[in-house]
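Each remark here refers to the structure printed beneath this line.
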Amino acid sequence: MQYAGYAGQLAIGLILAVYAGMWIDKQIAIRIPIFIWLLPLLLLIVMLIKVVKDTSKK
């Protein structure tokens, strides 16, 4: 059940990160969409670190 929570967090987080990246890219008006790639990538890295920490035995 814990992993279902992670999946939900990941799905909602990715949707929000993509839309936030699109909004930021429109606001700063650059040709290369940096934030639409950067924000979801950072979210995936953070979620992966969280899963590894939560599942590793200490």
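Please work out if LEU10 is surrounded by 14 or more Cβ atoms within 10 Å (Cβ to Cβ), hydrophobic (A, V, I, L, M, F, W, C) and touching a Gly at 6+ places or on another chain (Cβ under 7 Å). No, not satisfied. In segment 32-58, the residue that is modelled with the highest pLDDT out of those that are more than 25 Å from MET22 (Cβ to Cβ) and not β-branched (Val, Ile, Thr) is LYS53.
Does GLY5 satisfy being surrounded by 13 or more Cβ atoms within 10 Å (Cβ to Cβ), out of contact with any strand residue (DSSP E or B) (no Cβ under 8 Å at 6 or more places or on another chain) and not aliphatic (A, V, I, L, M)? Spelling it out, it is not the case that GLY5 is surrounded by 13 or more Cβ atoms within 10 Å (Cβ to Cβ), out of contact with any strand residue (DSSP E or B) (no Cβ under 8 Å at 6 or more places or on another chain) and not aliphatic (A, V, I, L, M).
Return the residue satisfying two criteria in turn: it lies in segment 1-17 and is among the hydrophobic types (A, V, I, L, M, F, W, C) and touching a residue at least 24 places away in the same chain (Cβ under 8 Å), and of such residues it is farthest from PRO40 (Cα to Cα). Step by step, filter segment 1-17, then rank; the result is LEU10.
In the set ALA29, ALA11, only one residue is over 10 Å from the mean Cα position of the chain (by Cα) and of a type outside the set (Asp, Glu); that residue is ALA29.
The values are calculated or read from the model by the stated rules, or taken from the named source; none is laboratory data. All figures in this text were calculated on a predicted structure; none of them were measured in a lab. Don't worry about glycine lacking a Cβ; one is built from the backbone with ideal geometry, like all the others, and counts go over all protein chains shown.
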